[in-house]
Amino acid sequence: MGRHRRYFIAVAIVAILVGGYALAGFVGVPHFARQAAQQFVRTHYARVLSIGEIHFNPFTFRLDIVHLALPDADGQTMLAFERLHVDLQLATLWRFAPSFREIVLQQPYIRAVLRADGALNLADLGKGFAPSPPPRAKSAPMRLYVRRFAVITGATSFKDRTRSPAFHADLKPVAFELHDFSTTARTANDYALEALAFGRGR
């Protein structure tokens, strides 16, 4: 009887630990991620970050963020996306580097405005941070592995208010995919240039 009791106690402990882990992942991660992101935007940009839903599966390490929008200083949307899907692989553990099965960004939107004083609105994203000291030596890029990176049905809006009348242009749709992306053999810049060339050739 004592052996069965120890068995049931062990099973109960495992069930409690798994349940606690699941609760922390399914509920805790989305809650604290939302709080941290919105607090960061309030602190550094004095703006309100809008986030629809955040879902995280602690067993498959999949993250989904829906309906995110960051306003510009004039209140209009500056950055937004419909959905961000991130699927982290367990290979991260033995590669000692972030390894993703896929990263999919659906309907991203960027509103770039050259203000009347010549300042670019996107430069606001760099404000509020202390300038980083210059690196003493050139370091290798962070190791990163992505099997699939996709941007689907994106759009960009550009307005130049230094002209009269103001110049305005829209670029859409913006869509491209990268496969077997890795920063170990080639730099991220190489892939970015390839993606840009692919987009122009469409």
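Listing for the model above:
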quantity	calculated
Residues located in the stretch 156-178, provided they are open to solvent by 70 Å² or more (accessible area, probe 1.4 Å) and either of a type in the set (Asp, Glu) or not in a strand (DSSP E or B) (or both)	ARG161, THR162, ARG163, SER164, PRO165, ASP170, GLU177
The listed residue being of a type in the set (Phe, Trp, Tyr), open to solvent by 90 Å² or more (accessible area, probe 1.4 Å), modelled with pLDDT under 95 and in contact with a helix residue (DSSP H, G or I) (Cβ under 8 Å, 6 or more places away or on another chain), out of PHE181, PHE129, PHE198	PHE129
Residues located in the stretch 40-75, provided they are in contact with a Pro (Cβ under 7 Å, 6 or more places away or on another chain) and open to solvent by less than 70 Å² (accessible area, probe 1.4 Å)	ARG47, ILE54, PHE56
Close pairs from the stretch 72-100: first at negative phi and in contact (Cβ under 8 Å) with a residue 12 or more places away in the chain, partner surrounded by fewer than 16 Cβ atoms within 10 Å (Cβ to Cβ) and among the β-branched types (Val, Ile, Thr), Cβ under 6 Å, at least 6 apart	ARG83/VAL66; PRO98/THR92; SER99/THR92
Subset of the stretch 10-39 (residues that are among the polar types (S, T, N, Q) and surrounded by 14 or more Cβ atoms within 10 Å (Cβ to Cβ))	GLN38
Where a residue in the stretch 31-60 is within 20 Å of ARG83 (Cα to Cα) and charged (D, E, K, R) and its partner, wherever it lies, is open to solvent by less than 50 Å² (accessible area, probe 1.4 Å) and not in a helix (DSSP H, G or I), with Cβ under 7 Å and at least six apart	ARG34/ILE51; ARG34/ILE54; GLU53/VAL66
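The values are calculated or read from the model by the stated rules, or taken from the named source; none is laboratory data. Keep in mind it's a predicted model, so treat the numbers as computed, not measured. For neighbour counting, all protein chains shown are included, and Cβ atoms are generated from backbone atoms with ideal geometry for every residue, glycine included. Surface areas here come from the heavy atoms of the whole protein model, side chains and all, with no ligands, DNA or RNA. Shrake-Rupley method; radii C 1.70, N 1.55, O 1.52, S 1.80 Å.
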